[in-house]
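Have a look at the structure below before the remarks.
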Amino acid sequence: MIESALGSFRILDLSSYIAGPYCAKMLADYGADVIKIEPTGTGDVSRQIGPFLNDEPHIEKSLLYFYLNCNKRGISLNLETDDGRNMFLDLIKTSDALIESFPPGYLRDLGLGYKELQKCNPGLVMASITPFGQTGPYRDYAGNDLVYYAMSGMMYASGAYDREPLKHGHPQSYYMGGMIAAYTISAALFARSWSEEGQYIDLSLQECMAAHHHEGATRYAYTGTIERRAPKIGSGSTKGIGFEGIVPAKDGFIGPTTQKGRPAVSFVEYAELLGRTDIVDPKFETRELRNQNALELDDVLLPILKSWGKLDYFNTMMSEGFVAGVVQTPEDLIRCVQLQARNFYTKASHPIIGEIKIPGEMFRLPECPWAFRLPAPLLGQHNQDIYGKEMGYTDAQLDLFKGLHVI
Amino acid sequence: MRGALSGLRVIDSTTMVAMPTAMHIMADMGAEVIKVETHTLFRTEAARLMYADNVPGDQPWNRDGAFNTVQRSKLGLTLNLKIKEGVEAFKDLVRVSDVVVENNRAGTMERLGLGYEELKKIKPDLIYLSNTGFGHTGPWSSYAGIGRMFELTCGLSNFTGYIDEGPRRVGKAFFDLHVGWTAVFAILAALHYRQRTGIGQWIDFAMYQVGVSTMGDVILDFIANGRNGSVMGNRHPYMAPHGVYPCKGNDRWIAIAVENDKQWLALSKIIGQQDWTNRIEFTSMDSRWRNQDELDHYISKWTKSLSDVVLMKILQGQGVPAASVMNSRDILTDPHMRARGFYEMIKHAPETGMGSKLYYGRPWKMSKTPSYVRSPAPKLGEHNELILGDLLGRTANQIADLYELGVAGISPTNPSMYKPPTYEEQLNDGTLEGYDENFNEILGSESND
């Protein structure tokens with residue numbers, strides 16, 4: 001068997017929803033033995049959240065949960081009981097890292113703060129993923145994706161000049177936070193090779209978003225200017241065609257540009273590729289001129305672009321070295337020839353969901369490649385394996401714990 | 001202070017935003033990151049109107065904020081890799097390094113004689129990450145990977161935009177940063193493997209796959225339910241109210257996202273139990289969601305006369321997720337960000353005339369191995385002598401030859417003649433909300449000019 005990149009680590013995923021589970025998924029995908037610990041009865045909150053298989057709400061049919069928790073084993077545990085806490089401490093003793101996303105202070109109040117856990121296991125790395133971090137005046141504020149977009153500067157500068165600030169229509173802040181947590185944990189485990197001790201990581205999701213908008217912050221710090229939303233001139237469509245517009249194609253939307261390598265080439269070549277040399281005009285020759293004459297350019301180009309199939313346009317331009325984008329739907333992503341050629345999708349099999357394709361290998365480590373090993377766990381699926389076989393609790397004890405709602 | 005990655009040496013042969021960001025994070029964490037660039041190309045390819053104090057000065061290539069932000073904590077070496085002696089010096093550096101990262105188009109490094117197979121011969125356990133848009137294999141492998149297009153191509157734009165309008169961008173080159181963070185993770189995974197086995201490897205890293213991986217739930221929604229989705233505005237699949245509402249003042253807004261009935265009751269109590277808050281249409285999450293046009297109308301009417309900052313405090317005080325929509329001045333001066341020390345004040349060398357400037361930090365704190373901005377971004381070729389001489393053992397004469405041959409340099413052969421638009425021009429163009437002449441004073445930074 002080929003050894004995996006992170007196969008020597010055991011990681012406890014005590015987190016819920018998206019950010020922490022995405023972090024733990026990354027670590028699991030690259031080989032760590034990740035044990036997901038869920039509250040008894042309800043499980044991770046993402047089990048209640050869609051999309052669901054066949055749109056049927058069911059704790060084992062959430063596709064969000066499924067995607068985020070493949071390659072993990074799952075157990076249930078009630079930390080608000082003495083027995084539950086003792087079992088948790090036993091797990092900590094054999095683990096390298098813990099990921100949690102409770103409100104600041106929750107675990108400490110249960111006697112499970114980092115200080116206590118480190119007494120059991122000095123090498124433990126613990127990452128707390130919270131809305132605003134463990135310190136500062138907003139530490140107890142409620143956070144969610146919209147809040148992070150608002151308090152980062154990014155949202156203020158996104159959207160139309162005269163309309164409300166705009167966020168993405170998919171909760172990207174959680175995925176960002178998860179990825180950032182994954183590299184911090186990996187770094188802390190790396191540091192352990194010389195420091196021989198674990199450490200505590202305090203991660204703020206709001207700061208993840210603020211980190212993302214560093215360009216806006218630097219602009220103010222350098223020049224005192226506050227950037228607002230897209231320029232009020234024109235539709236904001238092809239205005240500055242090198243940069244902004246998403247415009248209609250025949251069957252969807254594309255992001256056209258006349259940029260090719262650097263510096264930009266002449267408009268003539270672009271027009272030739274469009275098959276419309278009749279639109280060549282000195283007033284569109286340079287990027288500066290195209291910006292100045294943006295509305296006229298809109299009038300000329302938009303009807304032409306509207307007649308192109310979106311992927312035809314994308315492939316025609318990109319294969320000639322022009323920069324282009326195509327707004328892909330989920331269906332396009334599944335059919336994408338590039339993703340298929342890279343074996344991006346993999347077949348997963350789950351006892352309730354059945355066989356289903358999922359996005360798989362994000363990047364290839366040829367010596368220790370990504371592998372699909374396990375579908376997302378059913379709630380408490382590995383209680384017997386982990387509590388029984390690995391930790392030595394007897395069947396009678398486990399039955400008792402089940403009766404007491406400890407597991 | 002010793003950082004988590006102290007002791008590692010990393011060659012950063014990258015440009016633009018995504019990979020330079022990955023590299024500065026490793027440098028903030030203590031790795032010795034050597035930025036290898038050439039003085040024969042524009043250094044400020046990512047420049048976007050942000051020379052310090054809006055003045056290009058004598059050395060504009062050392063004064064660009066976009067560049068300086070993502071190149072901090074690194075050492076700077078200039079090597080022209082189109083010249084044989086430059087390639088030789090690069091290889092000598094590889095012999096004493098752990099990691100190489102590059103973001104050229106597929107095939108470029110091989111043509112320079114600096115591909116993985118070549119470098120592996122001189123450094124067998126090397127970890128080498130190549131970042132491209134779509135990866136080194138497959139029908140799209142030659143396509144340009146430009147950060148700002150991945151929001152579209154990865155499917156995020158399918159959901160993003162005003163509902164009455166269609167797709168729009170949010171942010172600048174949205175996936176660039178996410179890709180950078182993922183590269184840090186990939187490199188660390190390979191380092192863990194090397195630590196156990198002694199084996200290095202080449203990572204064929206594709207921005208596209210990083211972006212698409214964040215869209216797992218909607219991809220599965222199509223596979224299982226045939227749903228493609230559409231632009232969402234600021235709305236949410238099941239929460240309501242969930243949006244941005246106008247407040248008192250010029251272009252001030254508050255974001256409110258109600259996750260459950262408890263938060264709704266808290267919100268309606270603060271609104272003051274007006275007739276509309278008790279209406280049957282708004283009693284459950286489901287009914288609020290179905291009637292959210294009307295709901296948003298009422299909430300906007302209520303917020304319009306209130307201060308966003310005051311309202312945020314009141315709502316958050318009662319457990320309602322709410323946030324002032326902060327612009328870049330707000331976020332830099334926010335009391336929470338200040339208390340957490342998120343932005344760091346960095347002093348630049350006196351000859352740059354830049355004084356001190358605030359830079360973003362990292363969204364996490366590690367308790368035992370602190371990370372921080374270890375030094376300002378290197379001036380062009382700032383550490384040539386240190387690296388070529390002290391590290392690689394070139395004599396002063398040999399280094400002088402490299403300058404003579406045009407391998408190394410400390411001023412660009414082809415400097416950008418770009419003159420940033422004046423503040424007035426930017427205001428007229430509608431790209432700015434405004435500017436503060438006294439911004440250095442507001443931030444506590446200083447200008448030497």
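The values are calculated or read from the model by the stated rules, or taken from the named source; none is laboratory data. Worth saying up front: this structure is predicted, and the values here are computed from it rather than measured. Neighbour counts run over all protein chains shown; Cβ positions are idealised from the backbone, glycine included.
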Residues of the stretch A:152-185 satisfying the condition of being assigned to a loop (DSSP other than H, G, I, E, B), in contact with a helix residue (DSSP H, G or I) (Cβ under 8 Å, 6 or more places away or on another chain) and not hydrophobic (A, V, I, L, M, F, W, C): A:SER152, A:GLY153, A:TYR156, A:PRO165, A:LYS167, A:HIS168, A:GLY169, A:HIS170, A:PRO171
Condition met for B:SER157 (facing chain A (nearest Cβ under 9 Å), surrounded by fewer than 21 Cβ atoms within 10 Å (Cβ to Cβ) and either over 18 Å from A:HIS213 (Cα atoms) or modelled with pLDDT of 95 or more (or both)): no
Candidate set: the stretch B:106-122, residues that are crowded, with 18+ Cβ neighbours inside 10 Å and in a loop (DSSP other than H, G, I, E, B); chosen: the one farthest from the chain's Cα centre (by Cα): B:LEU114
Counted residues, the stretch A:28-57 - those being in a helix (DSSP H, G or I) and out of contact with any Leu (no Cβ under 6 Å at 6 or more places or on another chain): 8
Subset of the stretch B:291-312 [under 14 Å from B:CYS247 (Cα atoms), part of a helix (DSSP H, G or I) and within 35 Å of the chain's Cα centre (by Cα)]: B:ASP296, B:ILE299, B:SER300, B:THR303, B:ASP308, B:VAL309, B:VAL310, B:LEU311, B:MET312
Test: residue in the stretch B:72-95 that is under 17 Å from the mean Cα position of the chain (by Cα), buried (at least 22 other Cβ atoms within 10 Å of the Cβ) and either more than 12 Å from every other protein chain (Cβ to nearest Cβ) or part of a helix (DSSP H, G or I) (or both): yes
Pairs where the first residue, in the stretch A:159-173, is more than 19 Å from B:SER328 (Cβ to Cβ) and more than 7 Å from every other protein chain (Cβ to nearest Cβ) and the second is of a type in the set (A, V, I, L, M) and part of a loop (DSSP other than H, G, I, E, B), C-beta under 7 Å, 6+ apart: A:PRO171/A:ILE18
Hits in the stretch B:404-426 - residues which are surrounded by 14 or more Cβ atoms within 10 Å (Cβ to Cβ), within 14 Å of another protein chain (Cβ to nearest Cβ) and modelled with pLDDT of 85 or more: B:TYR423
Tally of residues being at pLDDT below 90, in a loop (DSSP other than H, G, I, E, B) and among the polar types (S, T, N, Q) across the stretch A:290-339: 1
Test set (1) part of a helix (DSSP H, G or I); (2) within 13 Å of chain A (Cβ to nearest Cβ); (3) surrounded by 20 or more Cβ atoms within 10 Å (Cβ to Cβ) - B:ARG288 fails condition number: (2)
Scope the stretch A:316-355; condition β-branched (Val, Ile, Thr) and more than 9 Å from chain B (Cβ to nearest Cβ); matching residues: A:THR316, A:THR346, A:ILE352
Neighbours by Cβ (under 8 Å, 6+ apart or cross-chain): first from the stretch B:396-424, free of Cβ contacts under 8 Å to residues at least 24 places away in the same chain; second among the charged types (D, E, K, R): B:ILE399/B:GLU385
Single residue of the stretch B:349-381 satisfying the filter (among the hydroxyl-bearing types (Ser, Thr, Tyr) and part of a strand (DSSP E or B)) that is surrounded by the most Cβ atoms within 10 Å (Cβ to Cβ): B:TYR360
Where a residue in the stretch B:21-50 is under 30 Å from B:TYR423 (Cβ atoms) and at pLDDT below 95 and its partner, wherever it lies, is of a type in the set (A, V, I, L, M, F, W, C) and in a loop (DSSP other than H, G, I, E, B), with Cβ under 7 Å and at least six apart: B:ARG43/B:LEU380; B:GLU45/B:MET16; B:ALA46/B:MET16; B:ALA46/B:VAL17
Candidate set from the stretch A:274-315 (those that are within 14 Å of chain B (Cβ to nearest Cβ) and over 30 Å from B:ALA106 (Cα atoms)); member that is surrounded by the most Cβ atoms within 10 Å (Cβ to Cβ): A:ALA294
Subset of the stretch B:403-438 (residues that are more than 30 Å from B:GLU88 (Cβ to Cβ) and hydrophobic (A, V, I, L, M, F, W, C)): B:MET417, B:LEU427, B:LEU432
Residues satisfying the stated conditions in the stretch B:230-255, i.e. within 30 Å of B:TRP140 (Cα to Cα), within 7 Å of chain A (Cβ to nearest Cβ) and either surrounded by fewer than 21 Cβ atoms within 10 Å (Cβ to Cβ) or of a type in the set (Phe, Trp, Tyr) (or both): B:MET232
Qualifying residues in the stretch A:140-151 (those that are at the interface with another protein chain (Cβ under 7 Å from one of its Cβ atoms) and not in a helix (DSSP H, G or I)) - the one nearest to the chain's Cα centre (by Cα): A:ASN144
Residue match in the stretch B:177-193 (condition: assigned to a loop (DSSP other than H, G, I, E, B), touching a residue at least 12 places away in the same chain (Cβ under 8 Å) and at the interface with chain A (Cβ under 7 Å from one of its Cβ atoms)): no
Those residues of the stretch B:131-149 which are modelled with pLDDT under 95, touching a helix residue (DSSP H, G or I) at 6+ places or on another chain (Cβ under 6 Å) and outside any loop (DSSP other than H, G, I, E, B), in sequence order: B:GLY147
Test for B:TYR128: is it surrounded by fewer than 24 Cβ atoms within 10 Å (Cβ to Cβ), under 30 Å from A:ARG192 (Cβ atoms), modelled with pLDDT of 95 or more and out of contact with any Pro (no Cβ under 8 Å at 6 or more places or on another chain): no
Count of residues meeting criterion [crowded, with 24+ Cβ neighbours inside 10 Å and among the aromatic types (Phe, Trp, Tyr)] in the stretch A:1-36: 2
The listed residue being among the acidic types (Asp, Glu), in contact with a strand residue (DSSP E or B) (Cβ under 8 Å, 6 or more places away or on another chain) and in the same structural domain as A:HIS170 (by TED's automatic domain parsing), out of A:GLU269, A:GLU320, A:GLU355: A:GLU355
